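*Asks:* I'd like to ask some things about the structure below.
The values are calculated or read from the model by the stated rules, or taken from the named source; none is laboratory data. Keep in mind that what you see is a predicted model, and the values were worked out from it rather than measured. Virtual Cβ from ideal backbone geometry, glycine too; neighbours counted across all protein chains shown. Ligands, DNA and RNA are stripped out before the accessible areas are found, and what is left, the full protein with its side chains, is counted by its heavy atoms. Shrake-Rupley method; radii C 1.70, N 1.55, O 1.52, S 1.80 Å.
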Amino acid sequence: MDNMVDSLNSAYQEFVAAAASVLEAKESSGGQKTAATDAALENFKQRWELFRVACDQAEEFVESVKQRIGSECLVDEATGSVAGKPGQAAPTGLPPISAVRLEQMSKAVRWLVIELQQGSGAAGGSSHPHSSVPFDTRFSEDAAQ
């Protein structure tokens, strides 16, 4: 994360320096278009693009961290590993489930979402078409599937 912050800061500093160079070149040329002002503008455009790329990369990094944290919190909540930790919400009264069971349910939901997006969700029968996502028959809610 420090590398991401350093990269973004560096790109920003170079962008600001390029903006200052444009202003200095324009001032020294008396507002006239010269090779120096053109070069300063071109450098400014390049630094602007590099800064935008750094911002996009930082945004992607933040999104990936948010997803990872959300997934970890979901697993912790579902498996009951947050129970008793100070500062955490009180237990929901639901029995904890295993991480394997949570992954099975997650895969099943993903397949259903894909089916619905493809328009085949309404046409499907009562059996689950994807044998790679088996339901654990130890759980009563899955036995009806």
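*Asks:* Condition check: of a type outside the set (A, V, I, L, M, F, W, C) and at pLDDT below 95. Does Ser10 satisfy that?
*Replies:* no
One line per residue, one yes/no per condition, for (1) modelled with pLDDT of 95 or more; (2) of a type in the set (A, V, I, L, M):
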| site | (1), (2) |
| --- | --- |
| Asn3 | no, no |
| Ala19 | yes, yes |
| Ala40 | yes, yes |
| Gln46 | yes, no |
| Ile69 | no, yes |
| Gln88 | no, no |
| Trp111 | no, no |
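*Asks:* Any chance you could count how many residues in the stretch 49-67 are free of Cβ contacts under 8 Å to residues at least 24 places away in the same chain and closer than 16 Å to Phe15 by Cα?
*Replies:* Qualifying residue count, the stretch 49-67: 3.
*Asks:* Across the stretch 29-45, what is the total count of residues that are of a type outside the set (Lys, Arg), part of a helix (DSSP H, G or I) and loosely packed, with under 13 Cβ neighbours inside 10 Å? Quick ask: steps written out before the conclusion?
*Replies:* Taking the stretch 29-45 as the starting set, the residues that turn out to be of a type outside the set (Lys, Arg) are 29-32, 34-44.
From what's left, part of a helix (DSSP H, G or I): 35-44.
Then drop every residue that is not loosely packed, with under 13 Cβ neighbours inside 10 Å, which leaves 35, 38, 42.
Number satisfying all stated conditions: 3.
*Asks:* Still on this structure, I have one more. So, of the residues in the stretch 58-67 that are of a type outside the set (D, E, K, R) and open to solvent by less than 90 Å² (accessible area, probe 1.4 Å), which turns out to be modelled with the highest pLDDT?
*Replies:* Ala58
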